[in-house]
Amino acid sequence: MRRGKGGIRKAGERLDRQMIRFMAAYGIPLLRIALAVVFIWFGALKIIGRSPVAELVARTVYWVSPEAFIPFLGVWEVCVGAGLLFAVALRVTLFLFWLQMAGTFLVLVLRPEVAFQQGNLLWLTTEGEFVIKNLVLIAAGLVIGGTVQGTAETVPGSERTESGGSRGGGR
């Protein structure tokens with residue numbers, strides 16, 4: 001059976017609405033879980049001494065013993081990942097997340113020769129790309145942080161009310 005342009009368009013619009021509902025319902029929880037997996041995985045590699053960035057961390061945070069600091073950082077990351085995975089103490093978890101994310105940018109300041117080719121801020125090395133991609137993780141943390149309930153005041157431009165609910169009967 002052949003559908004006219006109107007039928008195809010309606011089917012496309014129906015599919016579009018279903019996809020949007022799916023993304024709205026599952027996008028943030030999946031983002032939180034994906035971020036958790038990354039933190040648990042990277043942290044576990046540090047704990048067991050198999051992290052590919054251990055040397056970079058050791059060269060960047062040179063004033064601390066890498067034998068102590070790298071496993072400590074691994075435990076920190078696993079704790080952040082577990083907090084995200086199980087949505088436990090999200091404010092504390094996100095605070096630890098922000099501290100860790102800030103620390104990753106130290107390499108750009110303390111070891112720019114490792115992050116940039118020939119001193120050019122636009123020419124990243126592999127290590128530089130590894131650090132800069134953390135901007136995506138930071139954005140994910142912002143999205144997840146925006147879901148924490150019970151905020152004290154309304155956030156400008158959001159639909160969240162003082163009680164943490166949403167205005168206008170939305171989600």
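Which one is nearest to residue 46 (Cα to Cα) among residues in segment 59-91 that are small (Gly, Ala, Ser) and assigned to a loop (DSSP other than H, G, I, E, B)?
Going residue by residue through segment 59-91, those that are small (Gly, Ala, Ser) are 65, 68, 74, 81-83, 87, 89.
Now narrow it down to the ones that are assigned to a loop (DSSP other than H, G, I, E, B): 65, 87, 89.
Values: 65: 14, 87: 23, 89: 23 Å.
Here the answer is 65.
Would you pick out the residues in segment 78-101 that are of a type in the set (S, T, N, Q) and free of Cβ contacts under 8 Å to residues at least 24 places away in the same chain? Give the steps one after another, and end with the answer.
Residues of segment 78-101 that are of a type in the set (S, T, N, Q), as a first pass: 93, 100.
93 - this is the single residue of segment 78-101 that is of a type in the set (S, T, N, Q) and free of Cβ contacts under 8 Å to residues at least 24 places away in the same chain.
Out of all the residues in segment 101-115, which are out of contact with any helix residue (DSSP H, G or I) (no Cβ under 6 Å at 6 or more places or on another chain) and either of a type outside the set (Phe, Trp, Tyr) or within 16 Å of residue 40 (Cα to Cα) (or both)?
Residues of segment 101-115 that are out of contact with any helix residue (DSSP H, G or I) (no Cβ under 6 Å at 6 or more places or on another chain), as a first pass: 102-103, 105, 109, 112-113.
Answer for segment 101-115, where residues must be out of contact with any helix residue (DSSP H, G or I) (no Cβ under 6 Å at 6 or more places or on another chain) and either of a type outside the set (Phe, Trp, Tyr) or within 16 Å of residue 40 (Cα to Cα) (or both): 102, 103, 109, 112, 113.
Right, residue 107: in a helix (DSSP H, G or I), of a type in the set (A, V, I, L, M) and closer than 24 Å to residue 33 by Cα or not? Walk me through it before giving the result.
Values: in a helix (DSSP H, G or I): yes; of a type in the set (A, V, I, L, M): yes; closer than 24 Å to residue 33 by Cα: no.
In short, no.
Considering only segment 56-77, how many residues are free of Cβ contacts under 8 Å to residues at least 40 places away in the same chain and surrounded by 13 or more Cβ atoms within 10 Å (Cβ to Cβ)?
13
Being surrounded by 12 or more Cβ atoms within 10 Å (Cβ to Cβ) and in contact with a Pro (Cβ under 7 Å, 6 or more places away or on another chain): is that true of residue 10 here? Spell out the reasoning first.
Numbers: surrounded by 12 or more Cβ atoms within 10 Å (Cβ to Cβ): yes; in contact with a Pro (Cβ under 7 Å, 6 or more places away or on another chain): no.
It is false that residue 10 is surrounded by 12 or more Cβ atoms within 10 Å (Cβ to Cβ) and in contact with a Pro (Cβ under 7 Å, 6 or more places away or on another chain).
Checking the structure you have, find out if any residue of segment 92-101 is in a helix (DSSP H, G or I), of a type in the set (Phe, Trp, Tyr), surrounded by 12 or more Cβ atoms within 10 Å (Cβ to Cβ) and touching a Gly at 6+ places or on another chain (Cβ under 8 Å).
Applying the first criterion (in a helix (DSSP H, G or I)) to segment 92-101 yields 92-101.
Filter again for of a type in the set (Phe, Trp, Tyr), leaving 95, 97-98.
Remaining after also requiring surrounded by 12 or more Cβ atoms within 10 Å (Cβ to Cβ): 95, 97-98.
Filter once more, so that each one left must be touching a Gly at 6+ places or on another chain (Cβ under 8 Å): 97-98.
Checked against the condition, which is being in a helix (DSSP H, G or I), of a type in the set (Phe, Trp, Tyr), surrounded by 12 or more Cβ atoms within 10 Å (Cβ to Cβ) and touching a Gly at 6+ places or on another chain (Cβ under 8 Å), segment 92-101 yields at least one hit.
Testing residue 130 on (1) at pLDDT below 95; (2) exposed (fewer than 12 other Cβ atoms within 10 Å of the Cβ), one condition comes back false. Which one is that?
Of the numbered conditions (1) at pLDDT below 95; (2) exposed (fewer than 12 other Cβ atoms within 10 Å of the Cβ), the odd one out for residue 130 is (2).
Go through the residues of segment 122-139 one by one and say whether even a single one is in contact (Cβ under 8 Å) with a residue 24 or more places away in the chain, on the phi < 0 side of the Ramachandran plot and touching a Lys or Arg at 6+ places or on another chain (Cβ under 7 Å).
no
The values are calculated or read from the model by the stated rules, or taken from the named source; none is laboratory data. Since this is a predicted model, take the numbers as computed values, not measurements. Using ideal geometry, Cβ is built from the backbone for each residue, glycine included, and neighbour counts are taken over all protein chains shown.
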